[in-house]
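> One structure is given below, represented as structure tokens, and several questions about it will come after.
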Amino acid sequence: MWALPGLVDAHAHLAADRLELAGGDPIAIRRRAFACLEGGTFLIVDKGWSDTTVVATLTDCAPGDGPDFEGAGRMIAVPDGYYPGFGVETDTVGLELAVAEAVVEGRGWVKLVGDWPRRGRGAVPNFGEAALESAVDVAHRGGAKVAIHTMAGDVPSVAVRAGVDSIEHGLFLTEADLEALALRGGAWVPTILRMEAIAALLGGDSSGGRLVAEGIDNVRGLLPGVPEGVAVLAGTDLATPSSRVGDEVAALIASGLAPDRAVGAASSVARRYLDRSEGFQPGDPADAVFYPGDPVEDPTVLVRPTLVMRSGRIRR
């Protein structure tokens, strides 16, 4: 068998099974967290919700009872810049204070919504470069990383220049953006499955559907040549359960990312980026997920582990 020290979902939302504009339920969150362990996903980075229930629920989990966890609390946007009333709405003047509060309520992450479609205008930026620079500075001084949702044209480039740590989706990143991101060891979470689902939902005849499809094509053009310094990470983003983050690994490979980097996106690369041990070293937790074949040769094995051991206990 082949073994990994547990998989990583770098863009999870454990508050729900699908996009629902409601707060999280602790019982359901614990159920999803337990399912992560059953599937061999041992580290979750939750990229925010409308409330802080996920943070509160998983922070209280005893070691080994749930996945290792870090993540954002409430997402931050501007009025009309995301689903109404979902998360924190602020303007540029109040952004620094909102970020400072998000550092306290989160666990190592702040999540910004960088752009959002407006009727008749398409995808519109929520924050300018100077505002993003200030937000990043506040977060970093508080010991947190910043992730940004972006599906619009110019926003990824602005976010990279502003020092944002992790680009979520990043449909319109450029080669120059990735070179700049590589120089500082930044992260990109393409969420291929989620983007494909959105494109299908919107339909090819809609302006939004065409925009997302164009962005997916751009991503597929970038993935084969992503500089080594960029931490490309696997994230489910409600497209599939976190326990099946291996599905996203397969999607990354199908979209052009080298198989070894795609497997690393949900294991070694992700753990290294998140300052975690890559596993199997003296003193590490007794965590191991065993597969019937080499995931680099056959990524489908990542969703059908043979044996799962968490903290020395057989979970499956």
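> Suppose we keep only residues that are at pLDDT 95 or above and of a type in the set (D, E, K, R) within the stretch 69-85. Which one would you say is nearest to Arg271 (Cα to Cα)?
My answer is Glu70.
> Is it the case that Trp109 is closer than 30 Å to Asp154 by Cα, among the aromatic types (Phe, Trp, Tyr), at pLDDT 95 or above and crowded, with 24+ Cβ neighbours inside 10 Å?
So Trp109 fails the test.
> Here's something else I'd like to know. So Gly87 fits all but one of (1) in contact with a helix residue (DSSP H, G or I) (Cβ under 7 Å, 6 or more places away or on another chain); (2) surrounded by 21 or more Cβ atoms within 10 Å (Cβ to Cβ); what number is the exception?
Gly87 satisfies all of (1) in contact with a helix residue (DSSP H, G or I) (Cβ under 7 Å, 6 or more places away or on another chain); (2) surrounded by 21 or more Cβ atoms within 10 Å (Cβ to Cβ) except (1).
> Out of all the residues in the stretch 216-231, is one or more without any contact (Cβ under 8 Å) to a residue 24 or more places away in the chain and basic (Lys, Arg)?
No - not one qualifying residue is present in the stretch 216-231.
> Could I ask something else about it? Starting from the stretch 108-122, take each residue that is over 17 Å from Ala77 (Cα atoms) and list its partners that are in a strand (DSSP E or B) and of a type in the set (Gly, Ala, Ser), counting only C-beta distances under 8 angstrom and pairs at least six apart or across chains.
From residues that are over 17 Å from Ala77 (Cα atoms), the pairs are Gly108/Gly71.
Listed here are the residues, each with its yes/no results for (1) farther than 21 Å from Lys145 by Cα; (2) not aliphatic (A, V, I, L, M).
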{"position": "Glu214", "(1), (2)": "yes, yes"}
{"position": "Asn218", "(1), (2)": "yes, yes"}
{"position": "Leu233", "(1), (2)": "no, no"}
{"position": "Leu257", "(1), (2)": "yes, no"}
{"position": "Ala265", "(1), (2)": "no, no"}
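> Which numbered condition trips up Gly120, out of (1) modelled with pLDDT of 95 or more; (2) of a type in the set (Gly, Ala, Ser); (3) over 30 Å from Ala288 (Cβ atoms)?
Just one mismatch for Gly120, condition (1).
> Would you confirm whether or not the stretch 133-146 contains a residue that is touching a strand residue (DSSP E or B) at 6+ places or on another chain (Cβ under 6 Å), within 22 Å of Ile198 (Cα to Cα) and crowded, with 21+ Cβ neighbours inside 10 Å?
Within the stretch 133-146, none of the residues are touching a strand residue (DSSP E or B) at 6+ places or on another chain (Cβ under 6 Å), within 22 Å of Ile198 (Cα to Cα) and crowded, with 21+ Cβ neighbours inside 10 Å.
> Sticking with this structure for a sec: For the stretch 45-65, does any single residue satisfy the condition of being in a strand (DSSP E or B) and at pLDDT below 95?
Yes, the conditions are met somewhere in the stretch 45-65.
> Hey, could you check the stretch 32-56 for residues that are in contact with an Asp or Glu (Cβ under 9 Å, 6 or more places away or on another chain), more than 15 Å from Ala234 (Cα to Cα) and not aliphatic (A, V, I, L, M) and say which is surrounded by the fewest Cβ atoms within 10 Å (Cβ to Cβ)?
Phe34
> With the requirement that a residue be surrounded by fewer than 16 Cβ atoms within 10 Å (Cβ to Cβ), modelled with pLDDT of 95 or more and not in a helix (DSSP H, G or I), what does the stretch 180-215 give you?
Arg184, Gly185
> Please tell me if Gly256 is surrounded by fewer than 18 Cβ atoms within 10 Å (Cβ to Cβ), in a loop (DSSP other than H, G, I, E, B), of a type outside the set (A, V, I, L, M, F, W, C) and at pLDDT 95 or above.
Spelling it out, Gly256 is indeed surrounded by fewer than 18 Cβ atoms within 10 Å (Cβ to Cβ), in a loop (DSSP other than H, G, I, E, B), of a type outside the set (A, V, I, L, M, F, W, C) and at pLDDT 95 or above.
The values are calculated or read from the model by the stated rules, or taken from the named source; none is laboratory data. If you're wondering where the values come from, they're calculated on a predicted model, not measured in any experiment. All Cβ positions, even for glycine, are placed from backbone atoms using ideal geometry, and neighbour counts span all protein chains on display.
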